[in-house]
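Since every read-out is calculated from the coordinates, none of them should be taken as a lab result. Worth saying up front: this structure is predicted, and the values here are computed from it rather than measured. Here the Cβ positions follow ideal geometry from the backbone for every residue, glycine too, while neighbour counts run over all protein chains shown.
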Amino acid sequence: MTSQRQVRLFWRPLAHVACALPLVYLILQLAEVAGLRLGPNPQLVIRDVLGEWGLRLLLGSLAMTPLRWLTGKPWPLQFRRLLGLWSFAYLALHFVTYFFLDRSLDLPVIIEDIAKRPYITIGFAAFLLMIPLAITSTAGWRRQLGARWLTLHKLVYVVAVLGCWHFYWLVKKDVREPLVYCAVLALLLGFRLWKARQRAR
């Protein structure tokens, strides 16, 4: 039996540590600790690892509601915001890497990329949509916005679709990995649709 006290005092801190581990490992590789290396194109590795973990954690946050339905327990919902904010943190670093390491903050080049490269366009759109979700994720904002909070936070589904789409277009050749992400997202959204139809009946 998982009590709310156990979740708050043990499982949530453990989840924070688990979410931070990929970033810590990336930093150790960057510092070449214990022989760890990022390879010949470190900026590309950093950008891709941050982006992939951001998408994984975003899908993880979307999985919490179906998990709550399947288990009949409320505790999965206590991890939804945590995973969503960690996802935002990774994706913010993903874009910082692109802006500073890939493009050296060359704004004309960045604007041209966003305008002419569709995978960058939808990726950038997804990140912009995540910003209001991250800002209004607190209980205070939820109380202040009321019913509008739920409407606003449905944008997470759009963000997830755009994120998977961005990954698919980015890969170009071997699309097996992005298709796995797309399949997981389709399963999560399909489960929600099935649940909504059940409620309607």
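Data for the structure
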quantity: Theoretical FRET efficiency, 1/(1+(r/R0)^6), r = Cβ-Cβ of Leu30 and Trp194, R0 41 Å, to 0.05; calculated: 0.40
quantity: Under 12 Å, Cβ to Cβ, from Ile120 - net charge with Lys/Arg +1 and Asp/Glu -1; calculated: +1
quantity: Among Val49, Val24, Val158, residue whose mean-square fluctuation peaks in a GNM of the chain (springs only between Cα atoms under 10 Å); calculated: Val24
quantity: Residue-wise HN-Hα coupling along segment 57-71, computed from phi with Karplus coefficients 6.51, -1.76, 1.60 (Hz; x: Gly, Pro); calculated: 5, 5, 5, x, 5, 5, 6, 5, 5, x, 5, 5, 5, 5, 8
quantity: Net lengthening on full extension, Lys154/Leu21 (0.36 nm per residue, minus Cα-Cα); calculated: 45.0 nm
quantity: Estimated FRET transfer efficiency (Leu128, Glu177; beta-carbon r; R0 30 Å; 0.05); calculated: 0.75
quantity: Cα gyration tensor, segment 90-189 - rounded (a/c under 1.5), prolate or oblate; calculated: oblate
quantity: Candidate lysines for bridging to Lys195, where Cα separation is under 19 Å - those fewer than 8 sequence places away on the same chain excluded; calculated: Lys73, Lys154
quantity: Loop-located chymotrypsin sites (Phe, Trp or Tyr not before Pro) in segment 38-81 whose Cβ has at most 14 other Cβ within 10 Å (DSSP); calculated: none
quantity: Where trypsin sites (Lys or Arg not before Pro) fall in DSSP loop in segment 92-176, at most 14 other Cβ within 10 Å; calculated: Lys154, Lys172, Lys173
quantity: Karplus 3J(HN,Hα) series, Hz, for segment 122-139 with 6.51 cos²θ - 1.76 cosθ + 1.60 (x for Gly, Pro); calculated: 6, x, 5, 4, 4, 5, 4, 5, 6, 4, x, 5, 5, 5, 9, 7, 7, 5
